[in-house]
Each structure stands twice: as structure tokens, then as C-alpha cells.
Amino acid sequence: MIDWEIGRRFQKPSSAAKGGTLTGTLDTMSVASLANRDPLPHDDIEFAVYVLFKVLTQTFVPPVDQQRKWATTLDSYCWDNPGMQPHILLHLRMSLWTSRNHVDSVIHTTAQIFRSAGHDTRAQLVLSLLSLPIPIHPDSIDSSDYDTILLSLEGLVEQAVAAVLCRCEGSYLEQHQSGGCRAARAGGDVTESFSGQSILSLSSAQI
């Protein structure tokens, strides 16, 4: 994946034998990368989820009565914090997945504030993305088996596309009149837009 912002070295290379340098955008690194493990192709999907999360949260303008609560919630994501230690961010990112169903989690609060502002589709997309079976546990797949990795990755991409389509189409008729959400499928492409701004485009021909 293309670096979202500025790549930087923050730890020793994950394998001394490789002699490489571990770089990336701290905000959107996968859990495996933050843990200094060799990533799988699945980590690109996780990376994309964080990029979408960053777009969804940083472009949101809360109602006046929710501004203070939203400011606190947005701080919980620790976007654009170059001084953040990778091991701390690792725990924060893991908590997005492990506590997403808790009523006091940052994800639950985020979705609640989105809905209170009339952004149901935005809230539903957040919950759909967090329903994906990632991060991938290192012991759950043989990293040396290319065919198994590819098959698993294809399944994950299909789930990601299905999750976005399911959430967006479920509220399409309700949101279309207000211009909140537009889902268009043409030539195998899926585009999810908020107020005309494309934030996700996946082509089946590229999978």
C-alpha cells in the first residue's frame, strides 16, 4: 500500500537477516507491523480500514451539543501524534477490535455520535469495517503457504466489499434524498461516497 502520509523508522528491523528498515505511517500501521512482526498481505486490508477510519472521523463535523464529547472521542484515536510510542498505539488499535461491542468503547461512542448527527450510513460503515476478521493472528495461517494465504485474502476482500455494500444499500433509499450516501456499482466497481466524496473504490478485476 502507498504510504498515507510520511513513513518513518521507529524500531529495529523485524529480521536482522533482512538488513532492511521498518518504515510506515504510524497512524495506519497494522497490529502486526506495530508488534514488529512480518506482515501478511491481509495487513493491507487492516491498513485500509485505518485510513477509512481516519477519513471518517477527521472529516466529521459534530452538532454543537456534541462538540466536547466528540473532541474527547477523536483524541482517543491518537491520529497525527508523532510522539506516540508504537507499543502504546498497538494496544489502542487492538482495543478497536476487541472492545467494539462494549457500550463504553470508542467505536460505540463514535457510532452513537454519528447517528445523533444524522450520519447513520457513516456509523454503519464503521461498524461493518470492525466486523471484519482482522487483525490476523500469526498462528492462524501458514505464512509460507502462498495458496492458502491468497485464498484467505480473497475471502477477506469479499467480506470487506460485502460489508460495505450491505450497510450502504440498507440505508440507500433513506439517505439518497438527503445526499448522505450514494452506492454505485458499474463494471465491477464499488464506490462508497459521502456528499459526493469518494472514500473507497474496489474493483473485482483488481482482486
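Taken about its Cα centre, region 26-175 carries a charge dipole of roughly 740 debye when the Cβ of each Lys and Arg holds +1 and the Cβ of each Asp and Glu holds -1. Region 26-175 gives an Rg/Rh value of 0.98, both radii derived from C-alpha positions and Rh following Kirkwood.
Computed from the coordinates by the stated procedures, all read-outs in this text should not be read as laboratory data. Remember, it's a predicted structure, so these values are computed and weren't measured experimentally. Please note: Cβ atoms are built from the backbone with ideal geometry, for glycine as well, and neighbour counts cover all protein chains shown.
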